[in-house]
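Taking it in order: structure first as structure tokens, then the write-up.
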Amino acid sequence: MKKLVPGLILAAALIFGGAGARAEEPGVIKLGAAVSLTGKYSSNGNFTRKGYDLAVKRINEEGGVNVGGKPYLLDITYYDDESTPARGAQLVERLIQQDGVKFLLGPYSSGLTEAIAPVTEKYGIPMVEANGAAISLFQKNYRYLFAVLSTTDEYLRPAVDLAAALNEDPSKLRVAMAFENDPFSQDVRAGVMADMERHGMKVVVDDKLPPELNDMSATLTKVKALRPDLLLVSGHDKGASLVIRQLADQRVNVPMLALTHCDSARIAETFGAAAEYALCAAQWASTLKYSDPLFGSAADYAALYEQTYGEVAPYQAAESSAAVQVFADAFERAGTLEPDAVRDALTQTDIMTFYGPVKFDETGKNIKKPMVLFQVQDGKYVVVYPQAFAEGEIRWPTPAWSERR
Amino acid sequence: MSRLSDWHIAALLALTGIAGPLLLPALVTQFAFLWLMIVFAVTWDILGGRMGYNSFGNIVFFGIGCYAAAVIQRDMGLPYFEGLALGLVVGTGLAVLAAALLGSALLGIRGHYFAIATLGLTVASGEIAAGWNYVGAGSGMALPLYPGALGERELFFSYSLFAVAACCFLLCRWLYSTRFGLALNAIRDDHDKADAMGLRTTPIKIFAWCIAAFFLALSGGLAANMIGFIDPRDVAFAGATFGVWMVLMAILGGKGTLWGPVLGAVVFHITQEIFWTWLLGWQRVALGALIVIIVVFFPQGIMGWWAERRARREAA
Amino acid sequence: MSALLEVRNVTKRFGGVVANANISLGVERGEIAGLIGPNGSGKSTLFGCIAGAHAVDEGDILFEGAPIKHLRTATIARLGLIRTYQQTRIYGAMSCMENMAISAREAQGGLLSLLRPVPPATSRRAADLLAFVGLHEKREEKAARLSFGQQKLLEFAMALMNEPKLLLLDEPTAGINPTLINGLIDRLRRANSELGVTLLVIEHNMRVIMNLAHRITCLAHGQVLAEGTPDEVRDDARVLDAYLGVA
Amino acid sequence: MLDNLSLLVEFPAITLDVVLNGLLIGAIFALAAYGMALVWGVLNIVNVVQGELVVLGGYITFVAVQYGLHPLLGLPLSAAIMYGVGWLIYRGVIFRVVDRDIFISILATFGLSILIQQLANLVFGAEVRSVDAALGSVHFLDGMVTLANVKLLAFLLAIGAGAALWLFLRKARLGQAIRATAQNPRAARILGIDTDRVFAATYGLNAALCGAAGSLAVMAWTIHPYMGLPYTIRSFMVVVVAGVGNVGGVVAAGLGLGALENVAGFVLGVEFQIAFVFALMVLILVWRNLRAARQRSHLE
């Protein structure tokens, strides 16, 4: 024991000391991020990381960020939060306290952002996040939290509006909902509930899906019996895959189906004909007509991403890249690397990116960028809403299974 | 282990607990989590090591502590510290009650059936919390912000958890020196024999679980406030992380020994930090491998290995 | 004076097998009673029924005149009826002294009484009893490290530590070095005479039981075959037949 | 909850649909549970890595289909590869814990399950995977009852595998050796049975059964790296209810669990479906214990 104790102390000193003592090199702005590289959010967590990395690479290629006349390169320190909030909060403290990070990029998912925000707030560290959309985040008067994406309540609203527009009497519409039991999806639900009330629609199924879900047949059986006019589903990639697969298996007919996360779940590629007619809420699409000097157009970004990572660019990556751009812009306008000055500069952000316009309101959410709605048409994701970006007409109502193909 | 080195460790840990957060302010949260891990391992060992009841369900009491504090702090409209205090009182009360009720139902189950039953209890609790709107369902609950100055919050929780860990350890140490400790060991070594000798095994077992529940709920209320956000499955009823770690730490250190769980918690926590820092993305794989290696090759733990080595040296 | 233990027409079935059929026997306060019978004749089952391990299908068991048929092991033990096992059962990872300390009468008390260290008087008694069975040297050893015979002695000492009124001993001499058997018989007698413990002993070793017991009951095929003084039983032809397998 | 119940009453066909679909899911549980019963009975190990073996089997079929294999051929492929994987796991870890305390085996296989989960996550990603076997579905009672053909296939295969296993254990030489070892390893060893080989084969067989279950799961439902534990728990429950050496009981308990779970998910709401499974298991264990204790506890 006598030998062991000093050994442990030595080991502890080495680990903690080693991490803490790393000095900041001149000309480098150190950003920090705890993202989900493992755990249930790992695929989207990895998209987030790739998005950050791609933006940092492009910005550094272009000579970095000019702060007060001096060029700085960007560098991100990552930790893996394992998709758990407890870990996320702990790692952010570590980024701030041990690694001396002064600017944070957000994690993936609303739950983790929720866990981290109090910490950044406490330390007065500005955080620009791209993947925490829960509206509750922006009702807590956080001063250092900025989000480039549209909030969750916006996700399926276009679908509800669309349904209301397509039907003669919206108050006769009957809606079935199945939302995952996590902060994100429950917020999506809260968002559409408000809209449905406004239209006078009636909710006939309102199920919560557990995260370990691998069978939705109970919900879909209810849908089959009650024949709603609109089915809304949100449950990250898993919920999207399941509903498409089981609607087809169980031959449940719904005139209109709207989902989140279908592009990251690749429903068109995986399920082929079964995915046709599905409406997908998305933050961004490569066919949108936004552009900026760094990446060019949305399509250019998508091409660069595909060339770099060998996969189609999901919106989770695009918005993550945009978050880095927002930071870079704020650094240049602040002219200093003082966190509070950068925070003030962030509040004044009003830029156009390949991802869309970014302008924050006083709660830190982006009020300028609308959500878009895809529809799977002939195996492709076609933007059908809002009108301004629509590439094609919506196909509605969805024919019964017996009449398809 | 001689008395002298016993005191050495105690003094070292006390020093770390009191001076550590001040000397190494960057590590305050790490210290707080270390004390939490020690509470986990020591309370698990009451049943797992001393009584031979391997529980995957102790984390349930931690979760009850988390939620009780969060609900009280949300609904009672009390100032922060009053709310926290009341939350801790209610949380520990509920947890002890739950331990008594669950204990009378579950502690009659023996061996691996008990282990699996408690695993089921953990998952069921997490799922129920995740479906229950009153406690935020799957969205979890955010706790109120600590009102004090910057940096004070971490110190507060670090010291509170240190106090909990110290009380827990000292209480257990005292318990193990009484006949109650012997009774626990008797149940572990041969439950039927203990019954046949007229021991009141049921109340003894339930009481042991209640003690574990008390400290777990106490640390749960504090940890929830320290983390600031509770998720039903990943923080409060985190069976796959905290719930398994407590077993692992106790086994790693040497279950059924006084210092084993503490030692196991320290080694495990430091190892975790190394993994997280250097094995980005692979740390959970490493953790899985570590579990297998510990369990397969060192089931007797560090203390057991130590005792064996000493015995061998004495024999030589 | 009524019998300390009375077994009345006890029947115990395991599925279709009748292990005990309508067995009756009594044990008087202060005596050493013997229970013999060939393998599988239901002796250990009867012990189980008396001590509360098995549910009794029919019949009644009285201890000090009160029915104990429905009580559980621990309650029966607290009334002063303790058993030992054929396959010795001790607390392996605890030292002999700890084994003894937790076997003391006070350890059967409620939770509050347990939250105290072992009183010195108990320790002294434990040491004395360990000396009585010849394990004083080994008192700090882990019980699991004792030899089989020593474990048997420890189990016996633990039972005495409990100060039972009636002690059921299941084959106390099995597996014990033959040279030590006489010593053991002597100790059993002394436990009976000096400590006032009534004994009911299952034994295979005829020499031992004939020397030890005041009265013997012989079981065969789950039924009482014969009962009487050692001499009477020894001379009973049916007993001989049972052992030789003729009956 | 009440409106869900009234729905069942209002549309009896739905009740049938819910129960039938539950039975079909139950067939997959039964398949994984055979394996668990086998390993439990023969090696005396509670195999917590069971669910991950199912998931791995699913991934094998998924990958094979990516390379153009017909999904149905993925089934024997998964089973065959998983036999090898099971053998490797036995040689690597399991044989070291066979004779040890059963809790050690629980923890060791728990560690393995974390390891496999995380590796699967790194290799295959956390995305939900699914394979379209393109078998269509049958529907009757005015379309109110729909059964995917692939689920029917899964059901038949599970029953078939149960029958094959039963025959194998009774007739084949290795099967007899497995049964002999389960009853008394020491005696089996004396009789010249290489118990170590029997253990390895048993574990491999278990993995193969899980692989088949996983292959069916990926065709009928979806898989992802973290869905193993519920499968493990379900297998455990089925074995606890049915008993270790009872193939017919395993089938019945598996199907019953599937149906019960599906009905519960429908009535209580899906968010409580998993909670229901786990709480049910706790209740079953408590009930078992009470039943055992009741024998002698009337007066206390």
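The values are calculated or read from the model by the stated rules, or taken from the named source; none is laboratory data. Everything quoted here is computed from the prediction, not taken from an experiment. A quick note on method: Cβ atoms are made from the backbone with ideal geometry, for glycine too, and the neighbour counts reach across all protein chains shown.
Can you tell me which residues in the range B:170-207 are among the basic types (Lys, Arg) and either over 16 Å from B:Trp44 (Cβ atoms) or in contact with a helix residue (DSSP H, G or I) (Cβ under 8 Å, 6 or more places away or on another chain) (or both)?
Correct list: B:Arg179, B:Arg188, B:Lys193, B:Arg200, B:Lys205.
Quick one: what pairs do we get from the range A:43-62, first residue surrounded by fewer than 24 Cβ atoms within 10 Å (Cβ to Cβ) and in a helix (DSSP H, G or I), second modelled with pLDDT of 90 or more and of a type in the set (Gly, Ala, Ser), C-beta under 6 Å, 6+ apart or different chains?
A:Lys50/A:Ala317; A:Leu54/A:Ser321; A:Ile59/A:Ala328
Working carefully through the options A:Leu95, A:Leu91, A:Leu105, find the one that is closer than 27 Å to B:Phe229 by Cβ and under 16 Å from the mean Cα position of the chain (by Cα).
After ruling out the rest, the residue left standing is A:Leu105.
Pull up the range A:294-314, narrow it to residues that are closer than 13 Å to A:Thr48 by Cα and crowded, with 24+ Cβ neighbours inside 10 Å, then point me to the one that is modelled with the highest pLDDT.
For the range A:294-314, the residue satisfying everything is A:Ala313.
Regarding the range B:144-155, can at least one residue be identified that is in a helix (DSSP H, G or I), among the basic types (Lys, Arg) and within 14 Å of chain A (Cβ to nearest Cβ)?
yes
Can you pull out the residues in the range B:223-241 that are more than 7 Å from every other protein chain (Cβ to nearest Cβ) and over 21 Å from B:Gly288 (Cβ atoms)?
B:Ala223, B:Ala224, B:Asn225, B:Met226, B:Ile230, B:Pro232, B:Ala236
Name the residues in the range A:249-273 that are among the small types (Gly, Ala, Ser) and surrounded by fewer than 21 Cβ atoms within 10 Å (Cβ to Cβ), would you?
A:Gly272, A:Ala273
Can you go through D:Val85, D:Val65 and tell me which one is at pLDDT 90 or above, among the β-branched types (Val, Ile, Thr) and either more than 25 Å from D:Asp196 (Cα to Cα) or in contact with a Lys or Arg (Cβ under 8 Å, 6 or more places away or on another chain) (or both)?
Exactly one residue qualifies, and that residue is D:Val65.
Filter the range D:126-162 down to the residues that are β-branched (Val, Ile, Thr) and surrounded by fewer than 21 Cβ atoms within 10 Å (Cβ to Cβ), then identify the one that is nearest to A:Ser264 (Cα to Cα).
Here the residue is D:Val138.
Given (1) β-branched (Val, Ile, Thr); (2) more than 21 Å from D:Leu147 (Cα to Cα); (3) more than 10 Å from chain B (Cβ to nearest Cβ); (4) more than 14 Å from the chain's Cα centre (by Cα), identify the lone condition not met by D:Ile284.
Condition not satisfied by D:Ile284: (3).
Could you grab me the full set of residues in the range B:28-61 that are under 16 Å from B:Thr16 (Cβ atoms) and within 11 Å of another protein chain (Cβ to nearest Cβ)?
B:Val28, B:Thr29, B:Gln30, B:Phe31, B:Ala32, B:Phe33, B:Leu34, B:Leu36, listed by residue number.
Out of the strands (runs of 3 or more DSSP E) lying entirely within the range C:149-224, which hold 3 or more residues that are of a type in the set (Ser, Thr, Tyr)?
No strands (runs of 3 or more DSSP E) qualify here.
Let me confirm something: among C:Gly92, C:Gly65, which residue is surrounded by fewer than 19 Cβ atoms within 10 Å (Cβ to Cβ), more than 17 Å from the chain's Cα centre (by Cα) and within 13 Å of chain B (Cβ to nearest Cβ)?
None of the other options fit; the residue is C:Gly92.
Given (1) assigned to a helix (DSSP H, G or I); (2) within 9 Å of another protein chain (Cβ to nearest Cβ), where does B:Phe215 come up short, assuming only one miss?
Against the list (1) assigned to a helix (DSSP H, G or I); (2) within 9 Å of another protein chain (Cβ to nearest Cβ), B:Phe215 comes up short only on (2).
Tell me, which residue of the range C:95-120 that is without any contact (Cβ under 8 Å) to a residue 24 or more places away in the chain and more than 7 Å from chain B (Cβ to nearest Cβ) is nearest to C:Glu163 (Cα to Cα)?
The selected residue is C:Glu106.
Quick check on A:Gly39: is it part of a helix (DSSP H, G or I) and either crowded, with 24+ Cβ neighbours inside 10 Å or of a type outside the set (Asp, Glu) (or both)?
no
Having 2 or more residues that are within 14 Å of chain B (Cβ to nearest Cβ) and buried (at least 18 other Cβ atoms within 10 Å of the Cβ) is the bar; report the helices (runs of 4 or more DSSP H) wholly within the range D:1-108 that clear it.
D:12-43, D:50-66
Note down all Cβ pairs under 8 Å where the first residue falls in the range A:123-150 and is assigned by TED's automatic domain parsing to the domain that holds A:Leu337 and farther than 15 Å from A:Leu105 by Cα, the second is in a strand (DSSP E or B) and of a type in the set (A, V, I, L, M), and they're at least six residues apart or on different chains.
A:Leu137/A:Leu145; A:Leu137/A:Ala147; A:Phe138/A:Leu145; A:Phe138/A:Ala147; A:Lys140/B:Ala142
Counting only residues that are closer than 23 Å to B:Ala32 by Cα, give me the strands (runs of 3 or more DSSP E) lying completely in the range A:64-133 with at least 3 of them.
Here the list reads A:70-80.
Among the residues that make up the range A:55-63, is at least one of them in contact with a helix residue (DSSP H, G or I) (Cβ under 7 Å, 6 or more places away or on another chain), modelled with pLDDT of 80 or more and of a type outside the set (Val, Ile, Thr)?
yes
Conditions tested, residue by residue: (1) assigned to a loop (DSSP other than H, G, I, E, B); (2) in contact with a Cys (Cβ under 9 Å, 6 or more places away or on another chain); (3) buried (at least 21 other Cβ atoms within 10 Å of the Cβ).
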residue: A:Phe331; (1), (2), (3): no, no, yes
residue: A:Leu337; (1), (2), (3): yes, no, no
residue: A:Ile351; (1), (2), (3): no, no, no
residue: A:Thr363; (1), (2), (3): yes, no, no
residue: A:Ala388; (1), (2), (3): no, no, no
residue: A:Pro397; (1), (2), (3): yes, no, no
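I'm told A:Arg227 meets every condition in (1) surrounded by fewer than 24 Cβ atoms within 10 Å (Cβ to Cβ); (2) within 30 Å of B:Met141 (Cβ to Cβ) except one. Can you identify the failing condition by its number?
In the conditions (1) surrounded by fewer than 24 Cβ atoms within 10 Å (Cβ to Cβ); (2) within 30 Å of B:Met141 (Cβ to Cβ), A:Arg227 misses (2) alone.
Could you grab the pairs with beta carbons closer than 6 Å, sequence gap of 6+ or different chains, first residue in the range D:146-165 and within 20 Å of D:Ala13 (Cβ to Cβ) and among the aromatic types (Phe, Trp, Tyr), second one at pLDDT 85 or above and buried (at least 20 other Cβ atoms within 10 Å of the Cβ)?
Between residues of the range D:146-165 that are within 20 Å of D:Ala13 (Cβ to Cβ) and among the aromatic types (Phe, Trp, Tyr) and residues that are at pLDDT 85 or above and buried (at least 20 other Cβ atoms within 10 Å of the Cβ), the close pairs are D:Phe155/D:Leu24; D:Phe155/D:Ala27.
Which residues, taken from the range A:192-218, are out of contact with any Gly (no Cβ under 9 Å at 6 or more places or on another chain), under 22 Å from D:Phe272 (Cα atoms) and assigned to a loop (DSSP other than H, G, I, E, B)?
Scanning the range A:192-218 gives A:Glu212, A:Asn214.
Could we say that A:Asp215 is within 14 Å of chain B (Cβ to nearest Cβ) and closer than 30 Å to B:Asp234 by Cα here?
Criteria not met by A:Asp215.
Any residue at all in the range B:234-254 that is more than 30 Å from B:Gly103 (Cβ to Cβ), outside any helix (DSSP H, G or I) and among the small types (Gly, Ala, Ser)?
For the range B:234-254, residues more than 30 Å from B:Gly103 (Cβ to Cβ), outside any helix (DSSP H, G or I) and among the small types (Gly, Ala, Ser): absent.
Do you know which residues across the range B:300-316 are crowded, with 20+ Cβ neighbours inside 10 Å and touching a Lys or Arg at 6+ places or on another chain (Cβ under 9 Å)?
Hits for the range B:300-316 are B:Gly301, B:Met303.
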